[in-house]
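Worksheet: one structure, shown below.
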Amino acid sequence: TLTGVISGPGDLSMSRFTSWNGGAVQAVDIILAGTGSNTYTGKTVVDGQGAVASLRLQKTGGAVAIPTNSQVWLGSTTGGEFNLKMGDVTTTGAGRNAWDNQFGAGVVIVGKNTAGNWGRFDLQGTNQTVAGLDGGTAAANFVVQNQSLTGFSPAQNATLTLNGTGTYAAYGYFRDQD
């Protein structure tokens, strides 16, 4: 769990080997929490291994985890599967609203995986706004959903608002749950 402000030039990258431990894949969460907005100037790369590595965005008090006018790369063309999740799986009801608006203005989410290597962007009952979703030229490379199989109960609706002025093409699935 990283609770401070991540700042400076450069990217924040979650390697596809984050969850690799001596030849065995293990579940791992990297959590961006705290009450100060991150201000680093590079892109955010979310790349996992075996769909068990997750980047969880849990900033509170109006702070943003992903800085303004940046890109979030989902995957990295290596074939790894990823999870980008809002909040945790234990908080229910209005408590989930603390994790609304984790993205700064102008953030574009870009699917980088090769076709058929699914990654998941789990809204998990939160309200998020991004400039756009862009799948690049690869067909079928990410899923936007409210909750995963390890969903929360009682479930609540999520909203993803796209407010950019660019032209984007998203290839994948948009659904409520795995």
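The values are calculated or read from the model by the stated rules, or taken from the named source; none is laboratory data. This structure is a prediction, so every number in the text was calculated from the model and none was measured. Cβ sites come from the backbone with ideal geometry, for glycine too, and all protein chains shown count toward neighbours. With ligands, DNA and RNA removed, areas are computed over all heavy atoms of the protein, side chains included. Shrake-Rupley method; radii C 1.70, N 1.55, O 1.52, S 1.80 Å.
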How many residues are free of Cβ contacts under 8 Å to residues at least 24 places away in the same chain and either buried (at least 22 other Cβ atoms within 10 Å of the Cβ) or among the hydroxyl-bearing types (S, T, Y) (or both) if we restrict to the range 95-139? 1
Can we say V46 is modelled with pLDDT of 75 or more and closer than 21 Å to N163 by Cα? no
Filter the range 52-75 down to the residues that are open to solvent by 40 Å² or more (accessible area, probe 1.4 Å) and assigned to a strand (DSSP E or B) and list them by number. Q71, W73
Filtering the range 145-178 down to residues that are in a strand (DSSP E or B) and modelled with pLDDT of 90 or more, which residue is farthest from G111 (Cα to Cα)? T159
Pairs returned, first residue in the range 154-178 that is closer than 14 Å to D122 by Cβ and open to solvent by less than 80 Å² (accessible area, probe 1.4 Å), second residue that is among the aliphatic types (A, V, I, L, M) and not in a strand (DSSP E or B), beta-carbon separation under 7 angstrom, 6 or more apart or interchain, are A158/L123; L160/L123; G172/A140; D178/L149
